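K.L.:
Take this structure first; my questions come after.
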Amino acid sequence: MKKLSDILYKVSTTALSGNTSIDISDVQIDSRKVQKGSLFVAVKGVAVDGHQYINKAIELGASAIVCELMPSSLAEGVTYVQTSNSAEAAGVIAHNFYDQPTTKLKLVGVTGTNGKTTIATLLYKLFSCLGYKCGLLSTVENQIAGKVIPSTHTTPDAVSLNALLKQMVEEGCEYAFMEVSSHAIDQRRIAGLEFVGALFSNITHDHLDYHKTFDEYIKAKKAFFDALPSSAFAITNVDDKRGHVMLQNSAAKKYSYSLKTVADFKGKILENSLTGLIMTVNDQEVIFRLIGEFNAYNLLAVYGAAICLGENKEQVLQCLSNTTGAEGRFDYVISEKDRVIGIVDYAHTPDALQNVLSTIKKLKHGNEQLSTVVGCGGDRDRTKRPIMGEVACTYSDKAIFTSDNPRSEDPQQILQEMEAGLSSAAKRKYISIVDRKQAIKAAVNMAGPDDIVLIAGKGHEKYQEISGVKHHFDDKEVLNEMFQLLNK
């Protein structure tokens, strides 16, 4: 139980009706979870407006309501708090309710289009290797001191997020590493949290179904850095053309990483193969188990954060050299008989797909054929579909277009939109197979000895969402199954 007056600390209120000395049992933004003594925050969401459920919350026993618009009639015995931004208030209230967890551990946030999961996961693995108890909040999974908690969003809602952070504090975590999505920034899900550091990976074409324009997408990412205090550090990738822009209005201490230009954390790739990377990090040569140029950037970002957090560079590099990446990120298996290389990767934007395919091309030794199985998600940014199709065909020897998570859309229609961007040369390289399992089977079947099959788009996901229903589907599982079935 917490006093309402205490959990309203730092909340910007415009009007108040009722008693703020009452006890609050829990904080909810979902009216269905409200019980006796709850505080219900009415948040205007993308699909649903919480203000429509205020009466339902009161019927279920809510003692207090936080809202942007006061209801025309106020229920007796209920305290109403009006604020200009309920989403912002929800974050601050949740942070207060859960005893301000980010004042009791060091929270580092990672944002950008690609690389967030790998950077956050590498930070978690690195600091665990250095002997700290840590928490991880990522797309793939949340972890608290080695214990896995499945995740549903890149960044959970404000209440769930603060509950997880409090759990981390209770388990003795000193650090928490967190993916910070543009949606979470825009929807104020991270309001109230205190970050000791933030990292920017890169920004490319994504989430325009939500942000509408690329400028709005950039603005959402930049807002994260704009809000950092002067005590925090901010690290940016200066090889990304918007790397400097991200930090230009930030009060934080600014640092940079690069493979191409002068930077605080400078890297140079000496060797890049399927066994890993050999590169210099600030002139020190290191062998890493991770593969590809994009991982060289991820490693530099992680190294930079560790140095900013006061760690010893030799120990950091020693731990990082033995560290593996995140599940479903350039995750590869090699078939027993024909030595076909199967790679599963989460690449679901044109830029990420191009990066992965370019990396594979650099790793090829001779005439190995590269086949790519790829789709595009339904109910998401449609403008990237023709570009994804063209990228897959341009950088592969063969491409198979298939279903990703079609959600409520017709899978065949999505494939037609991918096909619409193809040049006449690209059209000679692709086939479409709606069924993802059959598409993977076809790619494996076509593969000769030492050939490479990339299965892109879903990575770590263990489901496929069709017509609103999630069916079990694991790209890596299916890939291994096809290697066995086809005696590869």
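The values are calculated or read from the model by the stated rules, or taken from the named source; none is laboratory data. Quantities reported herein were computed from a predicted structural model and do not represent experimental measurements. Because the Cβ atoms are built from the backbone with ideal geometry, glycine has one as well, and the counts that use them run over all protein chains shown. What goes into the accessible areas is simple: the full protein's heavy atoms, side chains included, and nothing from ligands, DNA or RNA. Shrake-Rupley method; radii C 1.70, N 1.55, O 1.52, S 1.80 Å.
K.L.:
Given labels modelled 7 Å from the Cα in the Cβ direction, how far is it in nm from Val48 to Val469?
P.N.:
For the pair Val48/Val469, the computed spacing is 2.3 nm.
K.L.:
Going by Cα centres, the stretch 211-284 and the stretch 355-410 are how many Å apart?
P.N.:
26
K.L.:
Which one, Val43, Thr349, Leu164, projects farthest toward the positive side of the charge dipole computed for the chain from Cβ point charges (K/R +1, D/E -1)?
P.N.:
It is Thr349, whose Cα lies furthest towards the positive end.
K.L.:
With +1 assigned to the C-beta of every Lys and Arg and -1 to the C-beta of every Asp and Glu, and no other charges, what is the dipole magnitude of the chain about the Cα centre in debye, to the nearest 20?
P.N.:
On the way: 53 positive and 57 negative charges, 83 e Å.
So the magnitude is around 400 debye.
K.L.:
Next question, about the same structure. Under the rule a/c < 1.5 gives rounded, and otherwise a/b versus b/c splits prolate from oblate, where does the stretch 350-473 land using the Cα gyration tensor? Don't skip to the answer; put the middle values down first.
P.N.:
On the way: a/c = 1.80, a/b = 1.42, b/c = 1.27.
Prolate is the answer for the stretch 350-473, as a/c is 1.5 or above and a/b outweighs b/c.
K.L.:
Okay, moving on. Using a 10 Å cut-off on Cβ atoms, rank the peptides 177-184, 437-444, 481-488 from the highest mean neighbour count down.
P.N.:
Descending mean neighbour count gives 177-184, 437-444, 481-488.
K.L.:
Can you list the residues, at least 5 places off or on another chain, whose amide H is less than 5 Å from the amide H of Asn405, using H built in the peptide plane?
P.N.:
The list, which skips near neighbours in sequence, is Gly377, Gly378.
K.L.:
Let me ask something additional. For Ser273 and Glu216, compute 0.36 nm times the residue count separating them, minus their Cα-Cα distance, and round to one decimal in nm.
P.N.:
16.8 nm
K.L.:
Please flag any cysteine in the chain that has no other cysteine's Cβ under 4.7 angstrom from its own Cβ.
P.N.:
Lacking a cysteine Cβ partner under 4.7 Å: Cys67, Cys134, Cys173, Cys308, Cys376, Cys393.
K.L.:
Just how large is the dipole of the stretch 204-356 about the Cα centre, in debye to the nearest 20, putting +1 at every Lys and Arg Cβ and -1 at every Asp and Glu Cβ?
P.N.:
Values: 16 positive and 20 negative charges, 84 e Å.
Once rounded to the nearest 20, the dipole reads 400 debye.
K.L.:
Follow-up question, since we're still on this one. Between Asn19 and Lys241, what is the label-point separation in nm under the 7 Å Cα-to-beta-carbon projection?
P.N.:
Between Lys241 and Asn19, the simple spin-label model gives 6.2 nm.
K.L.:
A further question on this structure: In the chain, carbon and sulfur make up what percent of the accessible area (probe 1.4 Å)? Kindly include the intermediate steps, with their values, before the conclusion.
P.N.:
Details: 9660 of 20350 Å².
It is 47 percent, rounded to a whole number.
K.L.:
Hey, another quick one. Have a look at Gly457, Ile269, Ile144 and report the one farthest towards the positive end of the charge dipole of the chain, computed about the Cα centre with Cβ charges (Lys/Arg +1, Asp/Glu -1).
P.N.:
Among Gly457, Ile269, Ile144, the one farthest towards the positive end of the dipole of the chain is Ile269.
K.L.:
Estimate the FRET efficiency between Ile431 and Ser73 by the formula 1/(1 + (r/R0)^6), using the beta-carbon distance for r and 51 Å for R0, to the nearest 0.05. Don't jump to the answer; show the numbers that get you there.
P.N.:
Numbers: r = 62 Å, r/R0 = 1.22.
Efficiency at R0 = 51 Å is approximately 0.25.
K.L.:
Per residue of the stretch 414-420, in order, report the coupling 6.51 cos²θ - 1.76 cosθ + 1.60 (Karplus, θ = phi - 60°) as ³J(HN,Hα) in whole Hz, putting x for Gly and Pro.
P.N.:
After applying 6.51 cos²θ - 1.76 cosθ + 1.60, I find 4, 5, 4, 5, 5, 5, 5 Hz.
K.L.:
Next question, about the same structure. Assuming R0 = 41 Å, what is the FRET efficiency of Gln413 and Thr324, from their Cβ-Cβ distance, to the nearest 0.05? Walk me through the numbers before you get to the answer.
P.N.:
On the way: r = 38 Å, r/R0 = 0.93.
Efficiency computed from Cβ-Cβ geometry: 0.60.
K.L.:
On to the next question. Could you give me the ³J(HN,Hα) list for the stretch 346-361, computed from phi with Karplus coefficients 6.51, -1.76, 1.60 and θ = phi - 60°, whole Hz, x at Gly and Pro?
P.N.:
6, 3, 10, 10, x, 5, 5, 5, 4, 4, 5, 5, 5, 4, 4, 4
K.L.:
For the stretch 171-178, what does the Karplus curve 6.51 cos²θ - 1.76 cosθ + 1.60, with θ = phi - 60°, yield as ³J(HN,Hα) per residue in whole Hz, taken in order and with x for Gly and Pro?
P.N.:
Couplings: 7, x, 5, 9, 10, 9, 10, 9 Hz.
K.L.:
Another question, then. Between Asn55 and Lys147, how many nm apart are label points set 7 Å from Cα along the C-beta direction?
P.N.:
4.2
K.L.:
Does anything in the stretch 307-323 have its amide N under 20 Å from the 7 Å Cα→Cβ label point of Glu171, and if so which residues?
P.N.:
none
K.L.:
Additional query: Please find the FRET efficiency linking Tyr9 to Ser231, where r is the Cβ-Cβ separation and R0 is fixed at 35 Å, and quote it to the nearest 0.05. Walk me through the numbers before you get to the answer.
P.N.:
On the way: r = 20 Å, r/R0 = 0.57.
Taking R0 as 35 Å, the efficiency between Tyr9 and Ser231 is 0.95.
K.L.:
Here is a follow-up. Can you list residues whose amide H is under 5 Å from Ile149's amide H, if they're 5+ apart or on another chain and H is modeled 1.01 Å from N?
P.N.:
Asn142, Gln143, Ile144
K.L.:
Skipping prolines and chain starts, which residues have an amide H placed within reach, meaning under 5 Å, of the one on Val373, given they are 5 or more residues away or on another chain?
P.N.:
Answer set, sorted by chain and number: Ile400, Leu454, Ile455, Ala456.
K.L.:
A further question follows. Helix-only estimate, please: 222 nm mean residue ellipticity of the chain, summing -39500 (n - 2.57) across DSSP H runs of length 4 or more and dividing by its residues, to the nearest 500. The partial results should precede the final answer.
P.N.:
Working: 17 runs with 161 residues, N = 488.
Calculated from helices alone, the mean residue ellipticity at 222 nm is -9500 deg cm²/dmol.
K.L.:
Still on this structure, please answer the following. Mind checking the dipole of the stretch 428-478: about its Cα centre, +1 per Lys or Arg Cβ, -1 per Asp or Glu Cβ, Debye to the nearest 20?
P.N.:
On the way: 9 positive and 8 negative charges, 36 e Å.
Magnitude of the dipole: close to 180 debye.
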